[in-house]
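Inspection log for the structure reproduced underneath, given as structure tokens.
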Amino acid sequence: MKPKLLLAVASPLTIDAFLITHLKYLSEQFDITVMFPNLNNEWQAFIEKHPALSSLGFVNLPIRRKPSLFSDLACLLTMARLVRGLAPQVMLTVTPKAGLLGSLSAWLNGVPVRVHIFTGQVWATRTGFVRFALKALDRLIATITTAPLADSQSQIDFLESQRIAPKGRIRCIHQGSISGVDSQRFSPSAVNLLPVRQKHGVPEADILFVFVGRLTRDKGIGELLQAFEQVNQQFAACSLLVVGPDEENMEQSAAPHPKVRFVGKTSQPEAYMAAADVFVLPSYREGFGTVVIEAAACGTPTVATNIYGLSDAVVDGETGLLVPVRDQNKLAEALLFLAANPEKRTLMGEAARQRALVQFSQHAVSTFLVNYLVAQP
């Protein structure tokens with residue numbers, strides 16, 4: 001009889017983006033139940049798209065991503081009751097809210113193996129009491145879990161420097177990345193999936209910069225738009241596609257630009273990554289930056305900010321360029337450099353793809369997670 005594993009996340013987007021392959025691998029060793037807020041019947045959609053998930057159990061979890069004292073307390077009581085009834089041997093949590101409430105529920109019920117995956121810290125860009133409080137919650141998660149993980153070594157170094165956990169307590173998933181990269185999906189040939197340039201009116205001769213991710217201030221969208229304006233003034237033959245769900249109305253607040261197009265959410269990010277000449281991620285905080293190695297697998301170099309997480313995903317000067325965070329001028333310089341140097345772009349793109357295939361294969365990352373959980377006492 002397989003041991004029971006309970007997976008809790010605060011959003012179905014986390015399952016769709018990072019955990020589908022993990023669930024397929026883990027189901028060979030564990031009897032799995034998944035918990036998340038099923039607001040739009042996402043679980044049924046996952047099963048239809050991935051029939052292998054039909055054998056997994058599912059519980060609709062009334063959890064909200066944003067803090068709310070009364071709803072969070074109610075969710076904690078609900079989770080504690082569910083955990084007690086399901087009696088799993090392993091509790092696995094991803095995302096901060098699910099990590100806190102799920103780990104507490106498992107700890108209160110004596111679940112023997114409690115694993116949370118740290119994927120970046122909201123409080124890294126906060127100050128004052130909010131930073132203090134959020135750090136305390138992460139410290140609690142690191143304390144009550146039995147085998148915490150993180151998706152980059154630089155993130156672990158940061159957490160240890162902030163005294164979230166003692167040295168050696170948190171372990172890195174494989175060589176980094178929460179999910180690795182599907183090299184069959186993310187490859188240079190993905191450019192053939194969608195006529196990206198034609199669809200969005202990008203001239204064939206233009207250097208194409210692409211951002212893929214949630215559109216928020218913490219992703220550095222403001223700096224990206226300002227930097228692109230500087231680049232376009234000096235290098236007219238370039239365009240920028242901003243791809244992803246606009247969570248903070250960034251498009252409405254941005255000044256219109258004839259060479260900037262907001263694409264919205266897509267189910268084919270690989271087509272945009274493969275079509276790009278340069279991928280750009282000027283984020284303020286990242287646990288790792290999986291989109292970077294996905295773009296790398298497509299043969300596209302990246303310009304990113306030199307923060308923990310992204311410094312693991314990009315080898316500066318080899319697979320892309322790292323620039324100071326919140327520095328639109330340095331970001332513009334890096335974009336302009338790659339726009340003007342096609343040979344450098346090609347060499348970096350080839351090196352990026354090779355590194356993604358060798359170090360961050362999806363099979364290796366999922367195998368690591370399965371072996372790690374199976375080995376827990």
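Each value in this text was obtained by applying a stated rule to the coordinates, not by laboratory testing. This one's a predicted model, so the numbers in the text were calculated from it and none came from an experiment. So basically every Cβ, Gly included, is an ideal-geometry build from the backbone, and we count neighbours across all protein chains shown.
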If HIS363, HIS116 are placed from fewest to most neighbouring beta carbons inside 10 Å, the sequence is HIS363, HIS116
Would you pull out the residues with amide H under 5 Å of PHE58's amide H, same chain only if 5 or more places away, H placed 1.01 Å from N?
VAL34
Pairs of Lys in the stretch 195-346 closer than 21 Å at Cα, counting only those 8 or more apart or on different chains
7
Highest mean packing first, using Cβ neighbours within 10 angstrom, the peptides 16-25, 102-111, 40-49 sort as 102-111, 16-25, 40-49
Decide, for the stretch 269-346, between rounded, prolate and oblate: order the square roots of the alpha carbon gyration tensor eigenvalues as a ≥ b ≥ c, take rounded if a/c falls under 1.5, and otherwise choose prolate if a/b is larger than b/c, else oblate.
oblate
Ordering 285-292, 250-257, 130-137 by per-residue average of other C-beta atoms within 10 angstrom, highest first, gives 285-292, 130-137, 250-257
With +1 on the Cβ of every Lys and Arg and -1 on the Cβ of every Asp and Glu, and nothing else charged, how large is the dipole of the stretch 1-117 about its Cα centre, in debye rounded to the nearest 20?
280
Exposure proxy order (Cβ contacts within 10 Å, fewest to most) of LEU224, LEU77, LEU53:
LEU77, LEU53, LEU224
Cβ charges +1 (Lys, Arg) and -1 (Asp, Glu), total dipole of the chain, debye:
1200
Lys and Arg at +1, Asp and Glu at -1: add these up for the other residues within a Cβ distance under 12 Å of GLY168 and post the number.
+1
Footprinting exposure proxy for LEU331, LEU159 (fewest neighbouring C-beta atoms within 10 Å first):
LEU159, LEU331
Which of the three applies to the stretch 188-359, rounded, prolate or oblate, going by the alpha-carbon gyration tensor with a ≥ b ≥ c and a/c under 1.5 meaning rounded?
rounded
